[in-house]
Amino acid sequence: MISQSLADRVIGLASSVGVERFFLSPGSRSQALVVAVEKLTQKKFAESYVRIDERSMSFMALGNSVASDKPSAMIVTSGTAVANLYPAMLEAHHAGIPLIAITADRPKRLRGKGANQTTLQPGIFGELIEYVDIESEQDLTPAQEKLMASLASSQPIQLNVCFDEPLSGDSSVTDFLKKIELQKPVKTPTEIDCSVRGVVIAGAGGEQAREFAESANWPLLAEPSSGSRAGNSAILNYESLLKTDLAAEIEAVVVFGKPTLTRVVNQLISNQHQITSVSSAYGVFDIAENAIQAERLEAKNPISRWLEKWKSEPQDYEFGREQLVQKIWEATEASDSVFLGASKMIRVANNVAPAREVSVYSNRGLAGIDGSNSTAIGISLNTPGITRAIIGDLTVLHDVGGLNLSSIPKPNLQLWVVNDSGGKIFEQLEIKQQIDDGVYKKYFQTPQQFDLALVANAFGWGYQLIENSNQLDSAIAANGPVIFEIRL
């Protein structure tokens, strides 16, 4: 099949199922896909964003999807370009994010023949990620079926498109646009007797936890990125409270989403004979093999005088990590958003972030620091106000290429980098007490030598070193792109 005609049909299909933004990295084999996307952008049917590094590009697409609740499509050429999408595709699978990887390939006949830039691309992301090989018009029907099934279940998918020469031509992509509605499954409710002393745990994907906790009069132990850390039932210092005698009084545990931040929560779950786990886009949660699965919960017989035992006054903090989190939460308006890197700072936020309706995002599917700068940029595409990302020094360096803003609009993004000379989160590990400090610092803390001001300047970001609370107060309303560094 002529390459451009095949590309037009694939891009038309992606647009038809709801893709409004395409994220691309340059390459030769994918040129027909690029031509089709550009035709859509010219006709105002889509937007396109170009990034030279496929890994950063894929996390920007992931951030766009998680904040917009719409599928994003990524377009790359053949070879190692495809492999660079792997971390984002894994995160998307475990977090239930609809990413579409459209990977350009050589014709099937050239596989295993030594052809340049050719490897076995179909299924390259492993058995967790659905894929379909597309070389002819006959492949488009199964491609549409698999695509619709993946998106309906909030899962990523790979469309591997095999192009033969000539590699591009005039595009007629608009001829293949049609509205395709996705059917979301209806969830069956389960009633829970709430007359006992129970708690509600909300991890990533736990957006429905607040409503249930308030109807049950149970304490809500909500992680910052759960979407439920607000309302009268939310308990802020629950990690410390679970280390007191209150934990022994708990008779029932309900989990929404995927909690991953604290060992004490895992211990509470593991100590229960049985818990109720409510399904989410993050998949099944049953870390202690004691969970009864439910699709949706309804509370009956709400308890009284139990929630009050968990209440305490919030604490004020001096300049540092905790104050940073509190001030950002207080400054964040409905039009703003917050991104938390998967490091020490999200755990600080778990302890001190106020119970307030704030749009908070974090890559908790696999909880890696991969692509955090780029994820925050993708989130900012869907944030009318300011996006504030709170990350560590290793996290910002891990995706330093993502700070390259060439070819994309300048994001209204603040990157708050807490520089504590390496991975201080590892201080919680048992091995910290078992090995020499020098060995610990070399292999775990891994302090880096870099000048963040020079990095910011090189990529066209503003920069300021924040050294006290007054500077923090002044900076927090600034428009981005800007990097604020706090050294501890």
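Excluding Asn351 itself, calculate the net charge of residues whose Cβ lies under 9 Å from the Cβ of Asn351, where each Lys or Arg counts +1 and each Asp or Glu counts -1.
In short, -1.
Placing +1 on the Cβ of each Lys and Arg and -1 on the Cβ of each Asp and Glu in the range 1-156, which of Ile2, Leu128, Ser150 has its Cα farthest towards the positive end of the resulting dipole? Looking along the dipole axis, the top candidate is Ile2. Counting only DSSP beta bridges with both residues in the range 189-310, the antiparallel share comes to about 10 percent. For mean projected area of the Cα convex hull in nm², computed directly from the structure shown, the correct entry in (1) 24.6; (2) 23.2; (3) 27.4 is (1). Ranking Val199, Ala222, Val278 by how far each Cα lies toward the positive end of the dipole of the range 189-310 (charges on Cβ) leaves Ala222 at the top. Take the Cβ-Cβ distance between Ser270 and Gln315 as r, set R0 to 25 Å, and report the resulting FRET efficiency rounded to the nearest 0.05. E between Ser270 and Gln315, to the nearest 0.05, is 0.30. With neighbour counts taken as other beta-carbon atoms within 10 Å, the residues Asp69, Asp139 rank, fewest first, as Asp69, Asp139. Note on the chain: dipole from Cβ charges, positive end direction compared against Leu488, Gln183, Gly257; the farthest Cα belongs to Gln183.
List the relative contact order of the range 3-168 as a percent without decimals, with contacts defined as Cα pairs under 8 Å and 6+ residues apart.
So the answer I get is 25 percent.
Put simply, the amide H of Asn419, placed in the peptide plane, has neighbours under 5 Å in Ile486, Arg487, Leu488, leaving out anything fewer than 5 places away on its chain.
Separation of the range 277-305 from the range 162-217 is 17 Å, based on Cα centroids.
Placing +1 on each Lys and Arg Cβ and -1 on each Asp and Glu Cβ, with no other charges, gives the range 1-75 a dipole about its Cα centre of roughly 120 debye. Sequence-distant contacts, meaning Cα pairs under 8 Å at least 6 residues apart, place the relative contact order of the range 1-76 at 40 percent.
Per-residue ellipticity at 222 nm, computed for the chain from helices alone with -39500 (n - 2.57) per DSSP H run of at least four residues, works out to -8000 deg cm²/dmol.
What ranking of Arg51, Arg21 emerges when the number of other C-beta atoms within 10 Å of each C-beta is taken as an exposure proxy, fewest first? By the 10 Å Cβ count, ascending: Arg21, Arg51.
Counting neighbouring beta carbons within 10 Å and listing from fewest to most, the residues Ser25, Ser362 come out as Ser25, Ser362.
Given contacts defined as C-alpha pairs under 8 Å and at least six residues apart, what's the relative contact order of the chain, whole-number percent?
Working: 1081 pairs, mean separation 69.1, N = 488.
Reported as a whole number, the value is 14 percent.
A short reminder: the numbers here are calculations on the coordinates, not readings from a lab. Predicted model, so just to flag it, every value in this text is computed and none were measured. Note that we place each Cβ from the backbone using ideal geometry, even for glycine, and neighbour counts take in every protein chain shown.
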